[in-house]
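Encoded as structure tokens, the structure appears first; notes follow it.
The values are calculated or read from the model by the stated rules, or taken from the named source; none is laboratory data. Everything numeric here is computed off the predicted structure, so don't read it as measured data. Neighbour counts run over all protein chains shown; Cβ positions are idealised from the backbone, glycine included. Side chains included, ligands, DNA and RNA excluded: accessible areas come from the protein's heavy atoms. Shrake-Rupley method; radii C 1.70, N 1.55, O 1.52, S 1.80 Å.
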Amino acid sequence: MSPVRNLSVTGYETSYRLTQNVRDQNGNTIAAGSYVICDNRDTRVGVDVSWTGGLSQLAIQFTGARTGQTKTVATEDYGPIDYRGAGRYEYTLTPGMAPQTLKNGLGAQAITVNPITNVTVKGYTYVRVQGYDAAGGASNIAESVTQIPVVDCL
């Protein structure tokens with residue numbers, strides 16, 4: 001059994017994507033094509049991760065960029081130790097950022113992306129992940145490089 005090491009967030013995708021540029025409350029532009037979390041709708045999110053060693057469980061945390069508030073979701077121990085070194089963790093956020101469902105294990109299923117035009121930007125969140133091996137040993141904590149815009153979809 002080898003411990004989980006070198007965990008990183010390699011990308012993300014959500015079920016909503018902007019069709020045009022929008023401005024946030026500070027006047028910053030969020031580019032067309034950006035994935036967003038619709039805080040007033042169920043939003044399917046996929047987080048791509050990579051690692052070395054044997055992964056048994058993954059914990060994901062959303063951290064508000066301004067507020068520092070967090071929401072943490074974790075998979076159950078999902079069976080055989082995963083030595084593939086990369087995968088996608090998918091889940092659904094309900095309105096208000098409360099986790100609704102978790103997909104146990106990592107997969108490569110496609111998320112249906114819906115174009116969205118009219119939004120009100122509420123803020124931004126970071127994704128943080130930590131992996132665990134079969135003995136419960138924890139990996140490093142990895143954080144997404146970019147913030148995910150959190151919006152109300154109109």
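What are the residues in the stretch 35-49 that are open to solvent by 30 Å² or more (accessible area, probe 1.4 Å) and either more than 16 Å from the chain's Cα centre (by Cα) or not acidic (Asp, Glu) (or both), if any? I'd like the intermediate steps shown before the answer.
Let us first name the residues in the stretch 35-49 that are open to solvent by 30 Å² or more (accessible area, probe 1.4 Å), namely 35, 40-42, 44, 48.
Selection gives Tyr35, Asn40, Arg41, Arg44.
Just wondering, is there one or more residues in the stretch 66-80 that are crowded, with 17+ Cβ neighbours inside 10 Å, farther than 26 Å from Leu154 by Cα and either in contact with a Pro (Cβ under 8 Å, 6 or more places away or on another chain) or at pLDDT 85 or above (or both)? So that I can check it myself, show each step before the final result.
The initial filter retains those residues of the stretch 66-80 that are crowded, with 17+ Cβ neighbours inside 10 Å, namely 73, 75.
Next cut, farther than 26 Å from Leu154 by Cα only: 73, 75.
Now narrow it down to the ones that are either in contact with a Pro (Cβ under 8 Å, 6 or more places away or on another chain) or at pLDDT 85 or above (or both): 73.
Yes, the stretch 66-80 contains a residue that is crowded, with 17+ Cβ neighbours inside 10 Å, farther than 26 Å from Leu154 by Cα and either in contact with a Pro (Cβ under 8 Å, 6 or more places away or on another chain) or at pLDDT 85 or above (or both).
Hey, among the residues in the stretch 114-154 that are assigned to a loop (DSSP other than H, G, I, E, B), among the hydroxyl-bearing types (Ser, Thr, Tyr) and open to solvent by less than 60 Å² (accessible area, probe 1.4 Å), which one's nearest to Ala74 (Cα to Cα)? If you could, list the steps in order and put the result at the bottom.
The first filter runs over the stretch 114-154 and keeps only residues assigned to a loop (DSSP other than H, G, I, E, B), leaving 117-118, 133-137, 144-147, 154.
Now narrow it down to the ones that are among the hydroxyl-bearing types (Ser, Thr, Tyr): 117, 144, 146.
From the residues that got through so far, the ones that are open to solvent by less than 60 Å² (accessible area, probe 1.4 Å) too are 117, 144.
Details: Thr117: 32, Ser144: 17 Å.
Among those that are assigned to a loop (DSSP other than H, G, I, E, B), among the hydroxyl-bearing types (Ser, Thr, Tyr) and open to solvent by less than 60 Å² (accessible area, probe 1.4 Å), it is Ser144.
State the number of residues belonging to the stretch 4-39 that are at pLDDT below 95, on the phi < 0 side of the Ramachandran plot and outside any strand (DSSP E or B).
Of the residues in that region, 6 qualify.
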